[in-house]
Each structure stands twice: as C-alpha cells, then as structure tokens.
Amino acid sequence: MSPTAGLKHLVFIVNPNSGTERNKAIQAAIASELNTDVFSYELRVTEHIGHGTELAKMAADSGAYAVVAVGGDGSVADVAKGLVGSNTILGIIPKGSGNGFARSLDWPLNPIAAIGIINRQKTVTIDVGYVNDQLFLSNAGAGFDALIAQGFASSKRRGLRAYSWLVTKHLWQYREREWTIELDDEVFRIRAFLVNVANGQQFGYNFQIAPQASFTDGWLDLTVIKRFPKMLGGGLVWRALRGTIQNSRYVLHRRVKTLRISHPDLHLMQTDGDTHTCPSSLAFRIVPHALQVFVP
C-alpha cells in the first residue's frame with residue numbers, strides 16, 4: 001500500500017532471515033490489525049547488511065511518519081541508524097531471539113500487540129550510544145559477551161537453550177584479559193571477564209547486564225565483571241535475571257558520558273548482539289535525545 005494523502009505513512013522493513021512463514025504471518029497481522037483509517041503503509045525487505053539503514057534513511061528523507069523494524073536487536077539497530085536525527089519514529093515488531101531492546105522498553109513480543117502499540121502512537125525520545133563510529137541502542141561490549149554473540153550468530157540453533165549452551169561451553173575455557181579503562185575522571189587497569197557499556201538494561205531473555213540503565217537519562221552504564229571463580233557463574237546469571245547483578249562483589253559499575261577501553265589483543269566487539277572486527281581501542285559516547293520511538 002503506497003502513501004495516501006491525509007494518512008500517516010509507515011514503512012515496515014523486514015529481515016527475511018525471520019523465515020518465510022513467519023513473515024507471511026506478520027504481513028497478515030499488519031493487514032488485519034493496523035488502523036488504515038490513520039495509516040498507509042508499505043513493506044520493504046532487506047537484501048544485504050546495512051540495507052535496513054539505507055531503506056530507513058530513504059523513508060525518513062521522503063517524509064515517512066514512522067519506520068517499523070521487523071526483526072531482532074541487530075535489525076532494529078540497523079534501521080535506527082537511518083533515522084537518528086530525523087523526525088521519523090522508530091517502531092518494532094520483535095522477531096529476534098533475545099529482543100533485548102524491545103524487552104527493555106516493555107515492548108510486547110506478540111506481533112498483534114506490537115501493532116496495537118503503533119496504533120496508539122505514544123512516543124518517547126531516547127539516547128543512542130556510539131562505539132567508535134558504530135551506533136548501538138542497547139549495549140556494546142568486548143570480552144565474553146562478544147565471544148558468545150559470535151558463536152550464536154554462527155549457530156543454526158536459536159532460543160534461550162542455544163544461548164545457555166554456548167555460555168556453558170565457553171565459560172570454563174575463557175581467559176580473562178587485563179583491560180585499560182579510561183573514564184571521564186579516572187583511568188585504571190583491571191582483569192575482567194566482561195566489559196560492557198549499556199544504554200539499555202539487558203542483552204535479551206531478561207538477562208539484565210545494567211538493570212539501572214535508562215534510554216532517556218543521558219548516561220552510559222559501564223558494567224565490568226571481574227575475574228571470578230567459575231563455579232560461581234550460575235550465581236551471577238541468577239543475579240542478572242533478578243536485576244541485582246550490580247550487587248555482586250565481582251561486578252564494577254560506573255555511569256559515564258564517555259569512556260575508552262583498550263587491550264593490545266582486542267579484535268572483536270559486539271553491538272546489540274552483532275559482532276564486528278575492531279581496533280585495540282574502543283571509544284564510547286552517548287548522544288542524548290537522538291531517536292523517537294513508539295512505546296507502550
């Protein structure tokens with residue numbers, strides 16, 4: 001359905017990796033549930049990495065009211081890159097595995113309920129993070145989280161069981177690194193299992209790496225999981241699921257505007273669950289009030 005005079009135009013950008021049958025079900029839900037007295041809409045399908053950014057920017061430049069990302073956290077972040085700084089609103093139909101960004105915003109995972117959120121048109125303007133020149137919405141990091149993200153991306157299995165299996169597999173083999181961390185007002189070295197910088201609360205599956213983080217406070221939340229006895233890993237996971245991980249003596253937390261982390265052997269990082277090769281030094285910054293998003 002193309003733009004219609006007097007209606008607010010939506011562009012749905014679909015990640016085809018969600019599967020043919022699932023995409024058919026989403027299209028049927030849009031056709032049956034979207035308020036077409038208010039909205040016109042069209043569906044576009046991504047064809048390559050970065051295509052979501054291109055399609056979203058084209059939609060924003062043409063005056064679309066909103067762009068709705070249909071996919072997981074990586075797909076949502078890809079679309080968001082094309083909307084930052086525009087007046088076009090970001091919507092979500094969560095179709096990833098963890099859906100950390102959607103869960104942190106209390107966005108429903110059911111497509112029909114998600115379309116209901118769009119129909120209500122309630123919005124908030126959120127901050128976005130950058131690591132070097134790479135945008136992230138929920139979190140970015142180096143260390144164990146990047147290793148697991150890389151393994152999950154190459155796995156044919158999906159869901160919490162596959163994620164848990166990867167964590168268990170690599171936990172005992174992983175060797176902590178000694179990182180240099182430069183904050184707004186201090187510099188220190190620390191041997192750490194994980195160094196994560198969060199704008200939102202969680203990785204996904206309600207695993208809250210930064211339970212105090214907020215998309216609208218203008219701060220980044222640094223969480224460092226220090227070297228710990230591996231037999232206590234289950235306890236850290238339990239704390240993360242309960243939103244109390246920062247109470248652990250093995251966890252360091254700071255709220256910052258900018259920071260830099262470095263290690264001479266660093267070569268892999270993750271942003272919103274997608275992995276990238278990277279240099280040995282990563283600079284993080286927050287851009288406040290950069291993106292409008294539909295919210296429940």
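The values are calculated or read from the model by the stated rules, or taken from the named source; none is laboratory data. All values derive from a computational prediction rather than experimental measurement. As a convention, Cβ positions derive from the backbone with ideal geometry for all residues, glycine included, and neighbour counts pool all protein chains shown.
Residues GLN246, GLN212, GLN292: which one is within 22 Å of ILE92 (Cα to Cα) and not hydroxyl-bearing (Ser, Thr, Tyr)?
Working: GLN246 fails: within 22 Å of ILE92 (Cα to Cα); GLN212 fails: within 22 Å of ILE92 (Cα to Cα).
Only one candidate passes the filter, namely GLN292.
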State yes or no: is VAL84 in a helix (DSSP H, G or I) and in contact with a Leu (Cβ under 8 Å, 6 or more places away or on another chain)? no
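For every residue, the table says whether it meets (1) surrounded by fewer than 16 Cβ atoms within 10 Å (Cβ to Cβ); (2) in a strand (DSSP E or B); (3) among the aromatic types (Phe, Trp, Tyr).
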| residue | (1), (2), (3) |
| --- | --- |
| LEU266 | no, no, no |
| MET269 | no, yes, no |
| THR275 | no, yes, no |
| ALA283 | yes, yes, no |
| ILE286 | no, yes, no |
| HIS289 | yes, yes, no |
| VAL293 | no, yes, no |
| PRO296 | yes, no, no |
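Between GLU47, GLU33, which is charged (D, E, K, R) and free of Cβ contacts under 8 Å to residues at least 60 places away in the same chain? If you could, list the steps in order and put the result at the bottom.
On the way: GLU33 fails: free of Cβ contacts under 8 Å to residues at least 60 places away in the same chain.
Just one listed residue meets the conditions, GLU47.
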Among residues of region 108-138, those that are more than 12 Å from the chain's Cα centre (by Cα) and either in a helix (DSSP H, G or I) or buried (at least 22 other Cβ atoms within 10 Å of the Cβ) (or both), counted: 12
Give the number of residues within region 179-208 that are closer than 26 Å to LEU109 by Cβ and either outside any strand (DSSP E or B) or in the same structural domain as GLY98 (by TED's automatic domain parsing) (or both). 5
